[in-house]
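To start, the structure itself, in structure tokens.
The values are calculated or read from the model by the stated rules, or taken from the named source; none is laboratory data. The structure displayed is predicted, hence computed values, not measured ones. Heads up, the Cβs are rebuilt from the backbone with ideal geometry, glycines too, and the neighbour counts pull from every protein chain shown.
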């Protein structure tokens, strides 16, 4: 009789426990995530009265794959265009809430004498509310169409993307074992450059490849292709020094802008549910009743910090973003729980061996309690608002209600709207092309030059490398110099008055300076021995780029293809 591998037996036990608990929690109308956590506790070695898993290493490996699928699915639901359309209010609110709750969490940990890394990770865990639980609560209570519900969901989207940034920052701090402002800023810049680079390159090539391969695509091949792209980006992100989860999110956000996004999301959903269930079950396995009893005072204190911190500080954050007092309180009372990202951050801290063993079960206990109380806190928001209006002076309430963008305000004039649109387009163009030029320079420096060294004499190595770099960058440099200047709205605004001409001239000068700086870096690499010759070369190169009809045709073609890929999903929906 053949011996069954322990990993298969463990998987059978996990899925049996998860299946029973999810059905039970579904019948009780409770979040299924909690069912997974309970299933993990029942199948863990901490529960002596039931069969338990034997290969914890295999479980942790599966849970890491679960995190990858969860972040990939999150990226598929994410859209940078949605962020741009939201306006400033959700961004201001989300940033304020995260900073405030990180301070609350860190201060709470410091009160108990925990280590700096425990406090920082606890602050990050308390800063993120649960998208899944809030979405389900709004659905069950029939609140999805309410204005405050839409604002909460917008804030949660911002929190998700900021959580990715937070993961990268905490990983950097965990490796360096200290907080350095310069290092953090460098990590954030690298993160932004990586995100913009891959989003731009991926959105240009991946939709094109999917269109070419469409005759060969069915459900099976599309699923395998999507997962191949996901794990390929995971490997690339890890090689670049980022987490695997970040790479999965980046590829998901790229595929989210393609025509096939909804199909991919539908195909990936069962795989995500399977490995996501294993991840949450592995979270439940970390629950130790003895530790929870030992740390009951910190658990109660952290629960109080989450409840009070979110209801008070988040209300201030929403007021700061321009919402009325009632809407602010409805939003903040909806966010009084910690969710999936807390578990991901806890897993990160454990895998990097920078957080204490007691932190994981404490966070799980806090999450379970705050999840159960979420519907009651949402219902409590309106009575709390009415009670507060009776306590506060009428003049305060009137002032708070005036500080809102919910009432009709005078819309900006047509010229201001035109300038806002042009400015956003110009900034978007500058950002993408600067990142692409920097990426080409870095690739040529680290990979291109060693390859070229095998074909040219040493004295010609730098000039040849610089020349090839300049040729590759030239379409992006043309876009930096001239993109968008001949559009009808730009010409109309130019003729509208001197103040608009001054703004556009200043922006044009800025574009020339940035382009000249990039060109000068390349030229200096080729001919550093002559400043006068270098200046002449820079001016000549800028002149050639500016007036080149070949570069104009090539650059406009690149822009047209990128724009078509970026808007393909919206155009398909309009046609339907």
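Laid out as a table, the results:
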| quantity | calculated |
| --- | --- |
| The one condition in (1) part of a helix (DSSP H, G or I); (2) buried (at least 19 other Cβ atoms within 10 Å of the Cβ); (3) in contact (Cβ under 8 Å) with a residue 60 or more places away in the chain that residue 106 fails to fulfil | (3) |
| Residue 283 farther than 22 Å from residue 111 by Cα, outside any loop (DSSP other than H, G, I, E, B) and at pLDDT below 85 | yes |
| Residue check for residue 254: modelled with pLDDT under 90 and touching a helix residue (DSSP H, G or I) at 6+ places or on another chain (Cβ under 6 Å) | yes |
| Checklist (1) within 30 Å of residue 198 (Cα to Cα); (2) free of Cβ contacts under 8 Å to residues at least 40 places away in the same chain; (3) over 33 Å from the mean Cα position of the chain (by Cα) applied to residue 508, failing item | (3) |
| Test: residue in region 325-345 that is surrounded by fewer than 17 Cβ atoms within 10 Å (Cβ to Cβ), under 27 Å from the mean Cα position of the chain (by Cα) and closer than 20 Å to residue 41 by Cα | no |
| Entirely in region 408-483, the helices (runs of 4 or more DSSP H) that have 3 or more residues that are farther than 25 Å from residue 540 by Cβ and under 28 Å from the mean Cα position of the chain (by Cα) | 414-443 |
| Residue in region 242-254 that is more than 21 Å from residue 570 (Cα to Cα), in the same structural domain as residue 350 (by TED's automatic domain parsing) and either free of Cβ contacts under 8 Å to residues at least 12 places away in the same chain or touching a strand residue (DSSP E or B) at 6+ places or on another chain (Cβ under 6 Å) (or both) present | no |
| Subset of region 513-543 (residues that are surrounded by fewer than 14 Cβ atoms within 10 Å (Cβ to Cβ) and over 32 Å from the mean Cα position of the chain (by Cα)) | 528, 529, 530, 531, 532, 533, 535, 536, 539, 540, 543 |
| Residue match in region 499-520 (condition: outside any helix (DSSP H, G or I) and farther than 20 Å from residue 552 by Cα) | no |
| Test: residue in region 194-204 that is at pLDDT below 85, under 30 Å from residue 122 (Cβ atoms) and not assigned by TED's automatic domain parsing to the domain that holds residue 562 | yes |
